[in-house]
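The block underneath contains the structure these notes are about, expressed in structure tokens.
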Amino acid sequence: MAATLAIGLMGAGVGAGTAMAAGGQAAKPQRADRAEIEAIVRDYILSHPEIIPEAVARLEQAEGKKALAANRAALETPFPGTVSGNPQGDVKLVVFFDYACPYCRQGHADVARLMRDDPKLTVIYRDFPVLSPASTEAAMASLSAATQGQYRKFHDAMFDSPGRVSLARTMGIVKGVGLSEDKVAADLTNAALKAEVDRNLALGRGLGLTGTPSYIVGDRIMSGAVGYDELKQAVAAARAEKGR
């Protein structure tokens with residue numbers, strides 16, 4: 001509201017200049033008038049500094065929507081085997097995560113609960129390894145699991161079992177969930193799987209993502225372990241928007 005009022009003050013000054021032009025006088029506000037308008041706006045902003053974060057948030061939201069529109073097709077076209085929930089769901093939730101991220105572990109439980117509670121939700125997982133080389137190895141192993149039809153099984157085990165991410169732990173989980181250890185070991189240097197990881201990294205950075213977990217649903221980008229309730233509300237809002 002405050003930001004809107006400040007913009008309105010500026011608009012009022014422009015309107016005054018237009019009225020002058022309509023009356024046959026100056027086509028633009030005179031310099032003194034412009035300086036007075038700018039002084040009013042400056043004084044208002046200094047008196048209400050809270051409008052600055054509001055204005056920045058609105059700008060970021062607008063820029064985020066543009067980035068989402070430009071990348072929607074790529075964002076919602078998953079790597080084969082990395083979809084969970086209802087593949088034909090009416091709302092898509094895209095999850096960017098890193099197996100080495102402790103907040104992603106918390107977010108994993110929230111998303112799993114959301115899928116149990118919402119049978120019409122599609123979840124698209126995107127490996128976004130930004131924390132360590134071990135994160136990249138785990139991401140490559142998870143994509144190998146997808147090619148073996150066991151992505152969700154591996155994904156759940158990585159988050160549900162304790163311990164820091166390391167190659168030894170990743171390969172232990174590979175063995176524990178029944179994946180081919182030889183294939184996963186070979187896939188750690190698979191160029192096609194590495195290209196998918198690189199696409200995820202480029203896509204996330206193009207959307208302005210700076211960490212994990214990050215969630216995309218509808219026109220919203222949410223960063224951090226936002227919790228079950230906020231995720232549920234975002235899905236409901238996206239569903240309502242689609243129904244209009």
key: Any hit, the range 215-224, residues being under 23 Å from R169 (Cα atoms), in the same structural domain as V111 (by TED's automatic domain parsing) and touching a helix residue (DSSP H, G or I) at 6+ places or on another chain (Cβ under 7 Å)   = no
ask   = Does the range 178-215 hold any residues that are of a type in the set (V, I, T), at pLDDT 95 or above and crowded, with 17+ Cβ neighbours inside 10 Å, and which are they?
value = V184, V197
remark   = Of the residues in the range 220-244, those that are farther than 26 Å from P129 by Cβ and part of a loop (DSSP other than H, G, I, E, B) number 2
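The values are calculated or read from the model by the stated rules, or taken from the named source; none is laboratory data. Quick caveat, the model's predicted, so the values are computed rather than measured. Note that each Cβ is placed from the backbone with ideal geometry, even for glycine, and that neighbours are counted across all protein chains shown.
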